[in-house]
Amino acid sequence: QAQFTESGGGLVQPGGSLRLACSAPGYGFSNLAMGWYRQGPGRTRELIAHITSRFQAVYRDFVKDRFTISRDNAKNMLYLQMTNLTPGDTGMYYCNQLGRGDGDWWGQGTQVTVAS
């Protein structure tokens, strides 16, 4: 099972921006549909955006037009550019293959806190 490492989180004021990065293993990354997931305080982990192996991006409505998912297959990297952040975006952010559930492997994630 492929394993990933998230980075780029931090504390940001409302309206600010962050760019998350996900380092992916070299084997087969380009063939994987990948997603960014978020677990907010007291909430279950949920998929917020994903990108297919053909670079088609899909977003949940609550991040659409604010977040941009991208990938660089040459560098085995996945990114999430987040803009116009709100306190509701606070949470632990994870990257993983699309369709992963609680029974699957998950990395440590990267914490995003939006507060003034």
Quiz item: With every protein chain present, what accessible area does residue 64 have (1.4 Å probe, heavy atoms only), rounded to the nearest 10 Å²?
Solution: 110
Quiz item: Which order do 60, 54, 45 take by accessible area at a 1.4 Å probe, largest first?
Solution: 54, 60, 45
Exercise. Select from the stretch 47-116 those chymotrypsin sites (Phe, Trp or Tyr not before Pro) which occupy a DSSP coil region and have at most 15 other Cβ atoms within 10 Å, ordered by residue number.
Key: 55, 62, 105
Quiz item: Given the C-alpha centroids of the stretch 62-116 and the stretch 1-30, what is the distance between them in whole angstrom?
Solution: 6
Quiz prompt | Radius of gyration and Dmax over the Cα atoms of the chain, both given in Å | solution = 13.2, 41
Practice problem: For residue 45, enumerate residues with amide H under 5 Å from its amide H, sequence gap 5+ or separate chain, H modeled in the peptide plane. | Solution: none
Exercise. Would you mind telling me the share, in percent, of accessible area of the stretch 27-88 contributed by carbon and sulfur at probe 1.4 angstrom?
Key: 48
Quiz item: Per residue, how much accessible area does the chain show when a 1.4 Å probe rolls over the protein heavy atoms, in square angstrom?
Solution: 52
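The values are calculated or read from the model by the stated rules, or taken from the named source; none is laboratory data. Bear in mind that the values here come from a model prediction, so they are computed numbers and not experimental data. All Cβ positions, glycine included, derive from the backbone under ideal geometry; neighbour counts span all protein chains shown. Calculation scope for accessible area: heavy atoms of the full protein, side chains included, ligands and nucleic acids excluded. Shrake-Rupley method; radii C 1.70, N 1.55, O 1.52, S 1.80 Å.
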